[in-house]
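The values are calculated or read from the model by the stated rules, or taken from the named source; none is laboratory data. Since this is a predicted model, take the numbers as computed values, not measurements. Heads up, the Cβs are rebuilt from the backbone with ideal geometry, glycines too, and the neighbour counts pull from every protein chain shown. Areas reflect the complete protein model, heavy atoms only, side chains present, ligands, DNA and RNA absent. Shrake-Rupley method; radii C 1.70, N 1.55, O 1.52, S 1.80 Å.
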Amino acid sequence: MTWQMNVDPLGNIGLSALVAAIPILFLFWALAIKHMKGHFAALGGTSLAVLIAIFVYGMPVDLAALSTLYGGAFGLFPVCWIVITALFIYNMSVKTGQFEVIKNSLASISDDRRLQALLIAFSFGAFIEGAAGFGTPVAITSAMLAGLGFNPLYAASICLLANTAPVAWGAIGIPIVVGGQVAGIPDLALSQMVGRTLPFLSFFVPLYLVVLMSGWKKGLEVWPACFVSGGSFALAQFFSANSPLTAPLLPDLIASIASIVCTVLFLKVWHPKESWHFDHEPKREGKEQLRYTGGQIFRAWAPFIILSLFVCAWGIKPVNQALDQITKTLFDFSFPIAGLDKMVIDQAGKAKPAVFKFNFLSAAGTAILFAWFFSIVVMGASLKTAGGVARDTLKTLQWPIVTIATILGFAYIMNFSGMAITLGYAVATTGAAFPFFAALLGWLGVFMTGSDTSTNALFGKLQAVTAEKIGIDPVITMSANTCGGVCGKMISPQSISVATGSTGMVGRESEIFRFTFKHSIIMACIVGVMHLLWAYVFPGMVPTYVKPVAAAAAAVAAGAKAVINPEGLMWLGIFVGLIACITFVSRAVGADLEAPVEGKDEVHFH
């Protein structure tokens, strides 16, 4: 028997929204004030959400339980799958001692922690975000910074803060594509509107990061490098986000590569007078001497190059389609959730689907798993070492996995019960001020779900309809939703759990939440003000476009007709061939680099 969602169970949208916000307020209280461990906070918030869904919204117990379990399953796959496999590669690099080569290669560019944060957290993190999305960039970059010797709190927090500018075009533009389909806006138009907003934020984020790390005085000492890092990123992001040739798929990849190249070249000719390090570190001056050959450095970095190539390949639409079809041919593990699928009727009268898609081959985590297999060969590690690394990684991530699965269960019960829509309707009553609050709604959505894509899917239609009611272009409010969402990424319990698992800070989630919370609010409010300006003061910033007819339906129909894509297989073959070449070349040119003896994390040369 179906259940009709009631988004205003108390007969007053403000009062209903206040009750719906209780689980969210609990999470804020648990993390910011009570200093509760992440998994306990997530369990408490999810339990409250289930109780309110049942006793206030009248949701049947079985539907509430199934919704929560459905979200938890999505948390395990594909989200946790990405984080686990990403850390396999990093931990293998540490175990074989090759991360020492990476550390020295970075220190030879600059041993200044501020500049290393720009290269790793901001520029390299943006590249990984553009290729894979979800928690991959935070998992990789925070682990790398911690391995370089960063204070773990700063390593985790800085990477979360840096993971704002690229999120809108993460995983080859998926948030923009989904947002456009749900709202009925061309994805190019949405990319253009977001691309005329986020570059302003991107330009200032590098300086923002180093000031938080080292204070105003020390932060301003490296403003030229911040200018180059953020400026090159923002310019490339703006032009690629507004170009039909590159939007909405490639802005992150183009902007991050531009930032990495420009920053590295700039640091070849400029360096601050005094290198800055954390208080617990011995003081050093200038760059370290490079102790390894070019071939050895290439071999040490090769696993991360291979990782980037694999996730790029998996992000190409024809490749992803081909892998999806192979999965369906070999083992079709996409199945409706019995008792939940189409049993909930939403506020628009449509039955909500609940289909768990175990698309193993096309999942980004599987791309990273294949990268790990190649990395074992590159690093010259034994199968015993690889198995030990996998076991230790899973042991380290056991509580972050619980937290991620639980917080996704929280997101799904909020969605299926109607509580999330209640909050959206309450925000929609703000009238002319809605463009500002639209950004806060996106921020709230990413806090709940950990995903800008999910937030655009959840609130996209509401944003578009409300914009039309108050007489402004829907692309403005959808952009606000997307850009506000990127600011919520740094406080999402899901993202924080990834960061703590990567830096050995499991159980200290509240410290990171308190560090990032005010910065998240500040950025979200700035984004909100910008969209007010686009709506009422600078309408010329809004792109002109023709609204598509049934864009989402057409996309679904196209997907339904898809067969094994020969173009996708061709591109996959090209990428695998390139990766095989890198594997062979890295072993050849870095032949003097040997894996350490079992149990010893040091590199040997001969």
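Before moving on, here are some points about what is shown:
- For region 158-163, putting each phi into the Karplus relation 6.51 cos²θ - 1.76 cosθ + 1.60 with θ = phi - 60° gives couplings of 5, 5, 5, 5, 5, 7 Hz, in residue order, rounded to whole numbers and with x for Gly and Pro.
- In order along region 267-276, the Karplus-derived 3J(HN,Hα) couplings, from 6.51 cos²θ - 1.76 cosθ + 1.60 at θ = phi - 60°, round to 6, 6, 10, 9, 7, x, 4, 10, 6, 10 Hz, and Gly and Pro are given as x.
- Looking at the chain, the accessible area is 37 square angstrom per residue; that uses a 1.4 Å probe and ignores ligands, DNA and RNA.
- Its residue count N fixes a reference of 2.2 N^0.38 Å for the chain, and the Cα radius of gyration divided by that reference is 0.93.
- Our coupling estimate for region 407-416, obtained by passing each phi through the Karplus curve with A = 6.51, B = -1.76, C = 1.60 and θ = phi - 60°, is 5, 6, x, 4, 4, 6, 5, 4, 6, 6 Hz, Gly and Pro reported as x.
- With distances taken between every two different alpha-carbon atoms, region 95-192 has a Kirkwood hydrodynamic radius of 14.4 Å.
- Per-q log10 I(q)/I(0), region 1-89, q = 0.19 Å⁻¹ (Debye; single scatterer per alpha-carbon; no solvent): -0.99
- Amide H to amide H distances under 5 Å link ILE337 with ALA354, VAL355, PHE356, where only residues 5 or more positions off or on other chains count and H is placed in the peptide plane.
- Among the protein heavy atoms, those of HIS271 account for about 50 Å² of accessible surface (1.4 Å probe, every chain in place).
- Isotropically averaged projected area of region 15-144, using the convex hull of Cα atoms (one quarter of hull area), nm²: 10.9 nm²
- Mean projected area of the Cα convex hull of region 143-285, taken over all directions, amounts to 9.2 nm².
- Residues with amide H under 5 Å from that of VAL344, placed H, sequence gap 5 or more: TRP3, LYS352
- Ordering of 414-421, 334-341, 467-474, 150-157 by burial proxy (mean other Cβ atoms within 10 Å per residue, highest first): 414-421, 150-157, 467-474, 334-341
- Dipole orientation for region 232-317: of the candidates VAL264, VAL311, TYR292, TYR292 has the Cα lying most toward the positive pole (charges on Cβ; Lys, Arg +1; Asp, Glu -1).
- Cα-based shape type of region 212-306, given that a ≥ b ≥ c are square roots of the gyration tensor eigenvalues and the cut on a/c is 1.5: oblate
- Rounded FRET efficiency, nearest 0.05, which uses the C-beta distance separating THR429 from VAL576 and R0 of 60 Å: 0.70
- Over the chain, Cα pairs under 8 Å with separation of 6+ residues give a relative contact order of 26 percent.
- Charged-residue dipole, Cβ positions (Lys, Arg, Asp, Glu), the chain about Cα centre, Debye nearest 20: 200 debye
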